1. With A:110, A:117, A:124 as the choices, which residue is closer than 25 Å to residue B:133 by Cβ and more than 10 Å from chain B (Cβ to nearest Cβ)?
2. Residues of segment A:112-137 being within 13 Å of the chain's Cα centre (by Cα) and small (Gly, Ala, Ser), which ones?
3. Whether any residue in segment B:93-100 is farther than 27 Å from residue A:26 by Cα, facing chain A (nearest Cβ under 8 Å), within 16 Å of the chain's Cα centre (by Cα) and surrounded by fewer than 20 Cβ atoms within 10 Å (Cβ to Cβ) is what I want to check.
4. Given the structure, is residue B:153 of a type in the set (Ser, Thr, Tyr) and surrounded by fewer than 17 Cβ atoms within 10 Å (Cβ to Cβ)?
5. Can you say whether residue B:65 is in a loop (DSSP other than H, G, I, E, B) and either open to solvent by less than 20 Å² (accessible area, probe 1.4 Å) or touching a helix residue (DSSP H, G or I) at 6+ places or on another chain (Cβ under 8 Å) (or both), as far as the supplied structure shows?
6. Given A:131, A:113, A:138, A:103, which one is in contact with a His (Cβ under 9 Å, 6 or more places away or on another chain) and within 30 Å of residue B:101 (Cα to Cα)?
7. Within the set of pairs 6+ apart or on separate chains, which have a first residue in segment A:168-187 that is at negative phi and more than 8 Å from chain B (Cβ to nearest Cβ), a second that is open to solvent by 50 Å² or more (accessible area, probe 1.4 Å) and outside any helix (DSSP H, G or I), and C-beta atoms under 6 Å apart?
8. Looking only at residues that are open to solvent by 50 Å² or more (accessible area, probe 1.4 Å) and of a type in the set (Phe, Trp, Tyr) in segment B:72-92, which one is modelled with the lowest pLDDT?
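The values are calculated or read from the model by the stated rules, or taken from the named source; none is laboratory data. Keep in mind that this is a model prediction, so the values were computed, not measured. So basically every Cβ, Gly included, is an ideal-geometry build from the backbone, and we count neighbours across all protein chains shown. In case anyone asks, the SASA skips ligands and DNA or RNA and just uses the protein heavy atoms, side chains included. Shrake-Rupley method; radii C 1.70, N 1.55, O 1.52, S 1.80 Å.
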Protein chains: 2
Amino acid sequence: MVNLATRRRTTRVFAKTPIKFEDVLYCIKAAAQAPSGANRQPWRFVLVDDPKMKGKIRAACEEQEKRHHASVDANLKQWFGLKNITWEKPFLTDAPILLAVFSNQKMPYAAESTWLAIGYIILALEERSLSTLTYTPSYPENMRSVFNAPNEYKLETILPIGYSLDSKPKEPRRPFQSSVYRNLWNVEM
Amino acid sequence: MVNLATRRRTTRVFAKTPIKFEDVLYCIKAAAQAPSGANRQPWRFVLVDDPKMKGKIRAACEEQEKRHHASVDANLKQWFGLKNITWEKPFLTDAPILLAVFSNQKMPYAAESTWLAIGYIILALEERSLSTLTYTPSYPENMRSVFNAPNEYKLETILPIGYSLDSKPKEPRRPFQSSVYRNLWNVEM
């Protein structure tokens with residue numbers, strides 16, 4: 001777990017430089033070792049490297065984002081403006097590989113287990129000097145058909161994976177003390 | 001990320017041996033560097049080392065588990081029997097430290113972000129040769145009062161942390177190939 005505090009691997013701007021397939025497989029293998037509810041391993045991974053498929057995914061997501069951006073309240077609209085977030089998702093075609101992560105909704109603690117495993121993926125990517133972003137389209141249930149995924153699977157996230165070209169500094173974190181209590185809520189460490 | 005495939009850190013049996021406070025803080029600091037929805041950092045951590053508080057938590061959880069075990073269907077009852085899982089949760093008082101993790105339900109992707117951060121904690125514990133178990137009581141909303149947590153916070157998990165005395169081997173994982181597809185569902189890598 002290298003330099004967690006200083007390195008920044010959440011990025012929105014990716015180099016088109018190819019990455020090693022093997023590095024991505026390593027990260028998925030790490031994820032598959034995560035604990036899960038009743039050890040049911042509810043996760044499934046779709047590794048996307050076909051440019052046509054990336055284009056289809058981007059088009060489906062952007063259609064959703066247009067709809068979502070038109071529907072958000074003033075506060076969120078302002079926040080999007082502040083962060084330069086629009087309906088456009090170029091990282092979905094720029095990143096050399098997308099990793100779509102699904103969870104089987106019929107299994108116990110499916111989402112919890114799958115997001116825990118996504119934490120493993122992000123740290124494993126970090127270890128290989130790769131960048132990502134935990135992007136979730138606004139209407140994930142509409143993405144099933146794009147991937148031919150069965151009905152019981154929910155798309156949890158699409159991780160674009162590649163080398164970062166993002167010059168934005170790491171987002172600041174809350175002071176550590178304000179997130180941790182000792183024995184009871186609001187009792188400082 | 002050391003020996004993910006071979007080491008086993010999910011355990012139900014803990015040594016009462018004290019652990020370094022500093023090691024647990026390291027793991028929480030790692031978690032606090034995780035990405036989160038709109039960078040809202042919805043997680044809060046309660047580190048429990050007071051034996052009286054651990055006793056209260058165990059009593060509250062076991063009361064819930066008795067209720068839960070009485071209510072489950074035949075399939076789950078059989079699985080509990082197979083795994084030797086009862087309503088008793090001795091790890092909640094045996095483990096030298098409990099780490100309760102809460103998420104603020106008012107924040108975007110609160111549960112997802114928090115479970116991703118829990119993945120960071122588990123790998124950080126692994127790095128320090130510590131063991132844990134992602135235990136979630138059956139009625140987490142009833143645990144708020146035990147911790148004095150505000151209404152908008154949900155208890156996601158209680159991680160007992162310590163050295164393992166568990167002789168049980170690691171639970172097997174699905175063959176890797178059956179969890180990963182390429183470009184489309186059911187297309188093998």
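1. Working: A:117 fails: more than 10 Å from chain B (Cβ to nearest Cβ); A:124 fails: more than 10 Å from chain B (Cβ to nearest Cβ).
The unique qualifying residue is A:110.
2. Correct list: A:117, A:119, A:131.
3. At the first step, the residues of segment B:93-100 found to be farther than 27 Å from residue A:26 by Cα are B:93-100.
Narrowing further to those that are facing chain A (nearest Cβ under 8 Å): none.
The answer is no; no qualifying residue exists.
4. Numbers: of a type in the set (Ser, Thr, Tyr): yes; surrounded by fewer than 17 Cβ atoms within 10 Å (Cβ to Cβ): no.
It is false that residue B:153 is of a type in the set (Ser, Thr, Tyr) and surrounded by fewer than 17 Cβ atoms within 10 Å (Cβ to Cβ).
5. Details: in a loop (DSSP other than H, G, I, E, B): no; either open to solvent by less than 20 Å² (accessible area, probe 1.4 Å) or touching a helix residue (DSSP H, G or I) at 6+ places or on another chain (Cβ under 8 Å) (or both): yes.
In short, no.
6. Working: A:131 fails: in contact with a His (Cβ under 9 Å, 6 or more places away or on another chain); A:113 fails: in contact with a His (Cβ under 9 Å, 6 or more places away or on another chain); A:103 fails: in contact with a His (Cβ under 9 Å, 6 or more places away or on another chain).
A:138 is the lone residue from the list that is in contact with a His (Cβ under 9 Å, 6 or more places away or on another chain) and within 30 Å of residue B:101 (Cα to Cα).
7. Hits for this filter: A:170/A:8.
8. B:79
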